Amino acid sequence: MPLQQTPRLLSIWTSRLPNTAKSNTNGSLSGLSMAVKDVFWTTELPTTAASKMLRDFHPEEDAECVSLARAAGACLIGKTNCDEFGMGSSNRFSHFGPVLHPLSSDRLAGGSSGGSAAAVALNQSSFALSTDTGGSTRLPASYCGVVGLKPSYGLISRYGLIPYAESLDCVGIMAKSVHTVNRVFDVLSQYDEKDPTSESTELRKSAREAAQSVRQSTDTWRIGLPEELFTSKPSDALSEVLDTLIRKGATDGKRVELYQVSLPTTTLALNAYYVIASAEASSSLARYDGMRYGYRSESGSIHDTREEGFGEEVKRRITLGNLVLSADSLDNYYLNAQRARTEIVNDFNGLFRMPNARTATDAVPDGIDVLIHPTAVSGPPLVDSHDAADYAQDLLTTPASLAGLPALNVPIGVDSQGFPQGVSVVGQWGCEQCVFGVAKELE
Ligand code: GLN
């Protein structure tokens, strides 16, 4: 098996293997090449989560999303580099080295799914699988100028995904066009009994039907611009795209209306996210003790195994997670973060004119169909910028993650320095078709 490491470390492992027994030349993804973030199990290629801890891990099965894509005809061409266990916003925290931005070696591709974004941006693959816990698909997609979807939580199976924070982890999809992301989503969005958080067929159907019935009964698209998720006034590129849309209307003949809306509790999202994600990470990473699999220190001690096997950022998250879960801090940090999460879910539910099938919350009759806001607070991070700035990059992406909502980055132009900029289209739970519908108008 020809395994090579690529110089810019977009990919950790590449393969020329044909899609052998699983290939399907008539499938809906046939003819498409697929790069897969190295946190998904793959049978022919190792799965390391970009960690020394798992550098020799060879799964015996494909992750469910990988096997569905292959069964539909997609051809796996390689595994992409990422932040270790998906922890990061810049892709500077990989055991294999950082992923550089496709346009500049002074910048990073963004994280944690930077290798997937760069592979799509450089036309190395037709689409890529990524993950999104708090922004890891949308952020690198925005920096690299590609389309990136974080689907509704529970729609795409996480079976065979190495977990980071299980109540937030989603399988992401990246491609050059909304159309391709939509095609891949249609294949992957299926109930899977192997994933206990996979939502039932009935719930998916009821969300889809509610969205369809709202769409059929109206002649408008109502788009909300949440003031808290605009850290500066809308960029010229975004204003231009929205002006054109209002003037021309949507391609389905419906009028487009813009509303300024407010999501006051989303200002709590970044802090709540880091508390919850670190708490869940410290518990899910407890399994790596070197006893049955993974890296094992020469000394054989569990302490040395974890000290040597995990990178600095992962150890920071474990320490933070242990702290917020300790008896003295539980109420102050973890329970407060969970309360904030509930308020954020309620805030979103108070805006949409589709009901939330997952939380069984009624629709707001004069509400909006989707929200639009910038995906990133600034351009791609500098290679030598300070680590602390990385956390703030998730300011605009963590609200939809905590609420479990579908959110999709669409590139809309370049910033003053020539780097891509993107906007996020966010919809009600299970209403991906509304998100795709509006995103296609922005491309
Ligand atoms: N940057 C965030 C973090 O480090 C989000 C990562 C992700 O979505 N996997 O936790």
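Can you work out which of the residues in region 391-410 that are within 13 Å of the ligand (Cβ to nearest atom) and in a loop (DSSP other than H, G, I, E, B) is nearest to the chain's Cα centre (by Cα)?
Among those residues, the one meeting the criterion is T397.
Can you go through E257, E199 and tell me which one is without any contact (Cβ under 8 Å) to a residue 60 or more places away in the chain and among the acidic types (D, E)? Talk me through it step by step, then tell me what you get.
Working: E199 fails: without any contact (Cβ under 8 Å) to a residue 60 or more places away in the chain.
When all the criteria are applied, what remains is E257.
Residue by residue, here is whether (1) under 23 Å from S112 (Cβ atoms); (2) in contact with an Asp or Glu (Cβ under 8 Å, 6 or more places away or on another chain); (3) of a type in the set (K, R); (4) surrounded by fewer than 14 Cβ atoms within 10 Å (Cβ to Cβ) holds:
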site	(1), (2), (3), (4)
D236	no, no, no, yes
A272	yes, no, no, no
E313	yes, yes, no, no
N322	yes, no, no, no
A337	yes, no, no, no
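D56 is checked against (1) part of a loop (DSSP other than H, G, I, E, B); (2) free of Cβ contacts under 8 Å to residues at least 60 places away in the same chain; (3) not polar (S, T, N, Q) and fails just one. What number does that condition carry?
Answer for D56: the failing condition is (2).
Which one of these does L330 not meet: (1) at pLDDT below 95; (2) touching a strand residue (DSSP E or B) at 6+ places or on another chain (Cβ under 9 Å); (3) aliphatic (A, V, I, L, M)?
With (1) at pLDDT below 95; (2) touching a strand residue (DSSP E or B) at 6+ places or on another chain (Cβ under 9 Å); (3) aliphatic (A, V, I, L, M) applied to L330, the lone miss is (2).
Which of the following residues is modelled with pLDDT under 95 and buried (at least 22 other Cβ atoms within 10 Å of the Cβ): S51, S11, S23?
Details: S51 fails: modelled with pLDDT under 95; S23 fails: buried (at least 22 other Cβ atoms within 10 Å of the Cβ).
Criteria check complete, one pass: S11.
Cβ-Cβ under 6 Å, sequence separation 6+ or interchain: first residue in region 384-405 and over 18 Å from R358 (Cβ atoms), partner within 11 Å of the ligand (Cβ to nearest atom) and polar (S, T, N, Q). Which pairs?
D390/S89; D390/S90; Q393/S89; D394/S89
Filter region 29-48 for residues that are touching a strand residue (DSSP E or B) at 6+ places or on another chain (Cβ under 7 Å) and either on the phi > 0 side of the Ramachandran plot or modelled with pLDDT of 95 or more (or both) and give the result.
The initial filter retains those residues of region 29-48 that are touching a strand residue (DSSP E or B) at 6+ places or on another chain (Cβ under 7 Å), namely 32-40, 42, 45-48.
L32, S33, M34, A35, V36, K37, D38, V39, F40, T42, T47, T48, listed by residue number.
What's the number of the condition T342 fails, among (1) touching a residue at least 24 places away in the same chain (Cβ under 8 Å); (2) surrounded by fewer than 19 Cβ atoms within 10 Å (Cβ to Cβ)?
(1)
Would you mind telling me which numbered condition in (1) among the hydrophobic types (A, V, I, L, M, F, W, C); (2) within 16 Å of the ligand (Cβ to nearest atom); (3) at pLDDT 95 or above A388 fails?
(3)
Scan region 171-184 and give yes if some residue there is closer than 15 Å to G110 by Cα, within 16 Å of the ligand (Cβ to nearest atom) and surrounded by 24 or more Cβ atoms within 10 Å (Cβ to Cβ), otherwise no. Talk me through it step by step, then tell me what you get.
Just the residues of region 171-184 that are closer than 15 Å to G110 by Cα, to begin with: 172, 174.
Among the residues that remain, those that are also within 16 Å of the ligand (Cβ to nearest atom) are: 172, 174.
Checking the rest, the ones that are also surrounded by 24 or more Cβ atoms within 10 Å (Cβ to Cβ) come to 172, 174.
Yes; the residues of region 171-184 include at least one that is closer than 15 Å to G110 by Cα, within 16 Å of the ligand (Cβ to nearest atom) and surrounded by 24 or more Cβ atoms within 10 Å (Cβ to Cβ).
Out of the strands (runs of 3 or more DSSP E) lying entirely within region 61-162, which hold 1 or more residues that are within 10 Å of the ligand (Cβ to nearest atom)?
Working: elements: 75-80, 104-108, 127-132, 147-150.
Filter on region 61-162 gives 127-132, 147-150.
Go over the candidates S385, S416 one by one and state the one that is surrounded by fewer than 22 Cβ atoms within 10 Å (Cβ to Cβ), among the small types (G, A, S) and closer than 18 Å to A109 by Cβ. So that I can check it myself, show each step before the final result.
Working: S416 fails: closer than 18 Å to A109 by Cβ.
Exactly one of S385, S416 is surrounded by fewer than 22 Cβ atoms within 10 Å (Cβ to Cβ), among the small types (G, A, S) and closer than 18 Å to A109 by Cβ, namely S385.
Take the conditions of a type in the set (G, A, S) and within 17 Å of V187 (Cα to Cα) and apply them to A50. Does it pass?
Details: of a type in the set (G, A, S): yes; within 17 Å of V187 (Cα to Cα): no.
Considered against the rule, which asks whether it is of a type in the set (G, A, S) and within 17 Å of V187 (Cα to Cα), A50 comes out as no.
Could you say which residue among Y333, Y293 is part of a loop (DSSP other than H, G, I, E, B) and of a type in the set (F, W, Y)?
Details: Y333 fails: part of a loop (DSSP other than H, G, I, E, B).
Of the residues listed, the single one that is part of a loop (DSSP other than H, G, I, E, B) and of a type in the set (F, W, Y) is Y293.
Taking the conditions exactly as written (over 23 Å from D186 (Cα atoms) and touching a His at 6+ places or on another chain (Cβ under 6 Å)), does P380 satisfy them or not? Give the derivation first.
Details: over 23 Å from D186 (Cα atoms): yes; touching a His at 6+ places or on another chain (Cβ under 6 Å): yes.
Answer is yes for this residue.
Considering each of V377, V426 in turn, give the residue that is within 18 Å of T137 (Cβ to Cβ), surrounded by fewer than 24 Cβ atoms within 10 Å (Cβ to Cβ) and within 16 Å of the ligand (Cβ to nearest atom).
Values: V426 fails: surrounded by fewer than 24 Cβ atoms within 10 Å (Cβ to Cβ).
Residue meeting the stated conditions: V377.
Which of the residues belonging to region 29-53 are under 17 Å from S125 (Cβ atoms), assigned to a loop (DSSP other than H, G, I, E, B) and among the hydroxyl-bearing types (S, T, Y)?
At the first step, the residues of region 29-53 found to be under 17 Å from S125 (Cβ atoms) are 29-40, 42, 44-45.
Subset that is assigned to a loop (DSSP other than H, G, I, E, B): 29-32, 38-39, 42, 44-45.
Within region 29-53, S30, T42 qualify.
The values are calculated or read from the model by the stated rules, or taken from the named source; none is laboratory data. Remember, predicted model here, so these are calculated numbers, not experimental data. Backbone-built Cβ (ideal geometry, glycine too); neighbour counts: all protein chains shown.
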